[in-house]
Amino acid sequence: MRNAFAYMTITAFALLFLNIYSATATRNLMFRSKYASAQDKLQVVTSPLSGVDTLSVETVRQVITVLGDLNVTRLIVTDASGTALYDSSQSMNAVGKTVLFSETVQALSGQDVFTCRYENGALKSFAAAPVMTRSVIAGSVYLMEYDAGQGGIIASLERTILRGSLILLAAIFLFAAAFVLVGSQKMRAILTSIRLAREGEYSHKIQMRGTDEYATLADEFNKLTDKLLESEKTERQFVSDASHELKTPLASIKLLSDSILQNDMDTSTMREFVADIGNESDRLTRIAQKLLTLSRTEDENGETEHEVVDLGETVSRVFRMLVPLADRQQVALSANLDHGCTILSREDDAYQIIFNLVENGIKYNRENGSVHVTLRREQEEITLTVEDTGVGIPADALSNIFKRFFRVDKARSRQAGGAGLGLSIVHEMVERNFGTITVTSEENKGSCFMVMFPYFGVEEDAADAENV
Amino acid sequence: MRKMCNFRAAAALAALLMLLSGCVQPDEATAPEHPFSVWYCSAEPIYGTQTGALCAEQIELPEQERTPERVIRAFLDGPKTDGLTFPSGQRPVLRGVETTDGNVRIAFSSDLMEMPGLARMSVAACLTMTLTQLPEVTSVELAVGSSPSVRYGPFTARDFVLYDVAAQNPEYTVTLYFPNYEGKLVGVRQAILCTDLTQLPVLTARALIAALPLEGSLRAIPAKTQVLDFSVTDGLASIVLSADFTACDNTARSAQNAVRSLVATLCALDGITSVKIAIVGDTDLSNYDISEPITASPDW
């Protein structure tokens, strides 16, 4: 409504300017035309009068008679003292009287005068000039033209422009009102939807046709609510999954502890049960730790401080930590690392990524299997590859492998102490450190995880690859 | 936000009021209690007024002091108002004032004779306009000393034309045609005051009906005839006359004179080439065919 009012105001001012300008321009044009005509007529009259020795009623009348009809409304000739010697008006004849018009007085002081006014629908022009006889002012000539015709043209033009302006203004008002009506309806629909979305009703969609800004806004709103809906679902799913995962070890702990309390059992059995309680507590602790890590990853997005990290050193540290596990699982660890593979990353993130991938490679491997890590620098890209000879991932599960709590084989994962969060943590960390991760796998053959980061660091001399 | 808008609106209104209050200037001088107009000339030309080159200022002059001599001396003191000036560069010296039968004879020094004609007439005009406000004054005469030969006037207000009335009520000269005794039309020019040109033909027709013919001419149209309706379309003037017009239908000659007089007069106006005469009640003339439009002929 405010915009429509602003447009109306601007349009009204523009039309007002148009009316004033056109009226003024037309009048000025006609005034100039009248001025030229008046000057010519004055010249026609003053020239012969200037040749007369003495201006008198008779001599002036003779001269005017010779000149004929000058097509003016009134012509007055005076002597030097302002006394009228000739007056073309029959009804108001001023001959013998002293004419003290401003125009004649100015002319008798030696000045040419011209004024033009538009009054009461008529164009009135007044002109006067001195009659000079041998450089002496002998009298004056005054003429007045009352032009109702030209005045009518001006009036008609002004009326037409005004009428057109009013019609245009009315049309603009109607269009503006229509647009405001339509626009406000659409805006109300959008506002209603926003209020519903604010109350949590993300499934409500705005149905709006067209390609204008409102339709675009409605479309973007619908996409936003779709995302919110999806995010809400994901959140619910996460809470549900997390609750389920936490509930399972808690239920086991409860069951085992109840069994101990309710049953008489020998010491060795009791020790077994207590050990199981300990294992489930450890599992619970790992799940909670991973949930915390995931949460921190989300919270810290955009607030992390990145530094230059040498991935080769990181791989070495990971290997030192996982060697005991690898030995227990009878899995061989090996690596082929290029020098100078530095990236811009958080130190902890880089460690977590490599640790999770190598740990998974060990856990989901077969006896006498292997995990091989490759680190390559190619132009401006660092590629970290973790290959294992493990059980592999079915093709239909590959697209979900990075989702939270997703496990290909739940039984095996539980046995391996997993909760389905490790790869989702890897995925989040890779992405927030400007990298990408892909996976290829073949069941019963093994998996290959490839992580790519942009190279960041100082230039160094090329060196041979180091075998670990 | 609404509070801010209200504040801005209030500030704008206050600024406007302050600006307008600055435009209204308080009167610097209070109006006289007993005002009397004294006429002078405008220092700068002012066009479009009804006082022409003259302008009056109000002075304080109680009723009991309003004598011709007192007024003349007030005039000779000169104007106090900005924008007014004494009619002549040199002010004449007053020698005497004499009032006889409403005519005020003012004797001045010889300076009056030495003034340019326009200045002297301006002095006369100013004094006439000023003194004729007094009830006992009808005219003003200027004299030089006691010399009887150098006198100007007597002047009345009507002797001075201050503005062009024709600018408000313009005059148009038309030609009225009257038949002479030989049946030929004779044109007589007459001025008609008319502000609306569309009314000129009607006024001309009425003037023709009302005019007294000159010697040697005849009245052709019956004097009681009235113009009931008139219009012009594409050069054709349609005129409806009252039944009194039929009084011209006594003879063929009189009917012809009446019709030709009217047609020739109207066709002499711009924009009219032919005339269709109708008489109220669809009456026709028996001695002249007016059923068709008639065009003026030079042979008339």
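Consider A:Val136 against the criteria (1) outside the structural domain of A:Leu18 (by TED's automatic domain parsing); (2) loosely packed, with under 13 Cβ neighbours inside 10 Å: it satisfies all of them except one. Which criterion is unmet?
Status for A:Val136: all satisfied but (1).
So the check is Cβ under 6 Å with 6+ separation or different chains; which pairs have a first residue in region B:114-142 that's farther than 19 Å from B:Cys55 by Cα and within 13 Å of another protein chain (Cβ to nearest Cβ) and a second one that's part of a helix (DSSP H, G or I) and among the aliphatic types (A, V, I, L, M)?
Going by the 6 Å Cβ cut-off, the qualifying pairs are B:Leu142/B:Ala124.
Can you tell me which of B:Ser297, B:Ser274, B:Ser291, B:Ser261 is touching a Phe, Trp or Tyr at 6+ places or on another chain (Cβ under 6 Å) and either assigned by TED's automatic domain parsing to the domain that holds B:Pro201 or not aliphatic (A, V, I, L, M) (or both)?
B:Ser261
Looking for whichever is hydrophobic (A, V, I, L, M, F, W, C), in contact with a Leu (Cβ under 8 Å, 6 or more places away or on another chain), within 14 Å of another protein chain (Cβ to nearest Cβ) and closer than 19 Å to B:Asn180 by Cα here; the options are B:Ala264, B:Ala268, B:Ala211, B:Ala255. Which one fits?
After ruling out the rest, the residue left standing is B:Ala211.
If you go through region B:56-83, how many residues are within 14 Å of chain A (Cβ to nearest Cβ) and farther than 23 Å from B:Arg105 by Cα?
1
Enumerate the strands (runs of 3 or more DSSP E) found wholly within region A:109-173, keeping only those where 2 or more residues are touching a Pro at 6+ places or on another chain (Cβ under 8 Å) and within 14 Å of another protein chain (Cβ to nearest Cβ).
A:136-147
Mind listing just one residue for me: the one in region A:172-228 that is under 30 Å from A:Ala12 (Cα atoms) and acidic (Asp, Glu) and, of those, surrounded by the most Cβ atoms within 10 Å (Cβ to Cβ)?
The selected residue is A:Asp212.
Sort out which residues of region A:344-363 are crowded, with 24+ Cβ neighbours inside 10 Å and either hydroxyl-bearing (Ser, Thr, Tyr) or not assigned by TED's automatic domain parsing to the domain that holds A:Leu311 (or both), and write them in order of number.
Passing the criteria: only A:Ser345.
Only residues that are in contact with a Phe, Trp or Tyr (Cβ under 6 Å, 6 or more places away or on another chain) and more than 14 Å from chain A (Cβ to nearest Cβ): list them for region B:188-208, please.
B:Val202
Just checking, which of B:Ala237, B:Ala166, B:Ala205, B:Ala157 is in contact with a strand residue (DSSP E or B) (Cβ under 7 Å, 6 or more places away or on another chain), closer than 28 Å to A:Met92 by Cα and free of Cβ contacts under 8 Å to residues at least 40 places away in the same chain?
Answer to the selection: B:Ala166.
May I ask you to list the residues in region A:70-96 that are out of contact with any helix residue (DSSP H, G or I) (no Cβ under 9 Å at 6 or more places or on another chain), assigned to a loop (DSSP other than H, G, I, E, B) and either more than 7 Å from chain B (Cβ to nearest Cβ) or crowded, with 20+ Cβ neighbours inside 10 Å (or both)?
Answer for region A:70-96, where residues must be out of contact with any helix residue (DSSP H, G or I) (no Cβ under 9 Å at 6 or more places or on another chain), assigned to a loop (DSSP other than H, G, I, E, B) and either more than 7 Å from chain B (Cβ to nearest Cβ) or crowded, with 20+ Cβ neighbours inside 10 Å (or both): A:Asn93, A:Ala94.
Only one of B:Leu228, B:Leu214 is assigned to a strand (DSSP E or B), farther than 25 Å from A:Leu70 by Cα, out of contact with any Gly (no Cβ under 6 Å at 6 or more places or on another chain) and touching a residue at least 12 places away in the same chain (Cβ under 8 Å); which?
Every option except B:Leu228 fails the conditions.
Here is a yes/no grid of residues against (1) under 23 Å from A:Ser140 (Cβ atoms); (2) free of Cβ contacts under 8 Å to residues at least 60 places away in the same chain; (3) outside the structural domain of A:Lys124 (by TED's automatic domain parsing); (4) out of contact with any strand residue (DSSP E or B) (no Cβ under 7 Å at 6 or more places or on another chain):
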residue: A:Ala12; (1), (2), (3), (4): no, no, no, yes
residue: A:Arg27; (1), (2), (3), (4): no, no, no, no
residue: A:Ala38; (1), (2), (3), (4): yes, no, no, no
residue: A:Ser47; (1), (2), (3), (4): yes, yes, no, yes
residue: A:Ser56; (1), (2), (3), (4): yes, yes, no, no
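From the list B:Thr156, B:Thr173, which one is within 14 Å of chain A (Cβ to nearest Cβ), at pLDDT below 90 and out of contact with any Gly (no Cβ under 6 Å at 6 or more places or on another chain)?
The match here is B:Thr173.
Enumerate the strands (runs of 3 or more DSSP E) found wholly within region B:53-135, keeping only those where 3 or more residues are β-branched (Val, Ile, Thr).
Passing ranges, in order: B:94-100.
Of the numbered conditions (1) touching a Phe, Trp or Tyr at 6+ places or on another chain (Cβ under 8 Å); (2) of a type in the set (A, V, I, L, M); (3) more than 7 Å from every other protein chain (Cβ to nearest Cβ), A:Leu100 satisfies every one except a single condition; which is it?
(3)
Could you list, in sequence order, the residues of region A:234-249 that are surrounded by 15 or more Cβ atoms within 10 Å (Cβ to Cβ), without any contact (Cβ under 8 Å) to a residue 60 or more places away in the chain and either farther than 26 Å from A:Asn400 by Cβ or hydrophobic (A, V, I, L, M, F, W, C) (or both)?
A:Leu246 - this is the single residue of region A:234-249 that is surrounded by 15 or more Cβ atoms within 10 Å (Cβ to Cβ), without any contact (Cβ under 8 Å) to a residue 60 or more places away in the chain and either farther than 26 Å from A:Asn400 by Cβ or hydrophobic (A, V, I, L, M, F, W, C) (or both).
The values are calculated or read from the model by the stated rules, or taken from the named source; none is laboratory data. It should be emphasised that the depicted structure is a prediction, and the values quoted were computed from it without experimental measurement. Positions of Cβ are backbone-derived with ideal geometry, glycine not excepted, and every protein chain shown enters the neighbour counts.
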